[in-house]
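> The structure follows.
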Amino acid sequence: MANNDGRPSPPSLKKPQIDRRIVERNRRIQMNHLCSQLASLLPPRSHFNPSQKRISQADQIEQARHYVIELRERLEQLRQRKEQLGKMMNEEATPSNVEVISDDDEMMVMMDANDTARLPIIQIIDLGGAVEVHLVTSPERDLKLGQVIRVLEEEGAEVENCTFSIQGDKVFHNLHAKVF
């Protein structure tokens, strides 16, 4: 480079310092962005002090750490519960007289092939990326709802909604599941 008078200028000593400042500024921006994303993943806390509008990044990271610990504990509890339910389901006898009637979009499972009026009845409707399951049971011959949910989950579906109603001597269950 040349000065205004045409002489070459000495090498700039400020360039490495400017580069370090830019790198540090970019690092701080990225860190703030990551902390913001982390805060958005945390659930709202009821014990959060409303007078405190903003919490420090260290407090956010500490909250995230506690939240991850809570999630791990909850996951372990759910795994244990799943094991218990699985053991209970395996102990129960599953009926052997099941007939499956299927066409393109619907499948109906009936407990007795000779008498379609006997309960329970399962109707499965394929909705593309979702499945709708209608289950009709009676209190006397109760097909466990947990068995149906377990089969759906084993086949790669995630149950999103489940409702039931009782009318007379029949119990109607409706399940909506997302298929992956």
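Each reported figure results from applying straightforward, stated rules to the coordinates on display, with no laboratory input. In this text, all values refer to a predicted model and were calculated from it rather than measured experimentally. Reconstructed Cβ throughout: ideal geometry from the backbone, glycine too, with neighbour counts over all protein chains shown.
> Efficiency by 1/(1 + (r/R0)^6): what FRET value for Arg79 and Arg54, r their Cβ-Cβ distance, R0 = 30 Å, to the nearest 0.05?
With a Förster radius of 30 Å, E is 0.20.
> Okay, moving on. Testing the spin-label approximation: label points 7 Å from Cα along Cα→Cβ at Phe164 and Gln37. State their distance in nm.
4.3 nm
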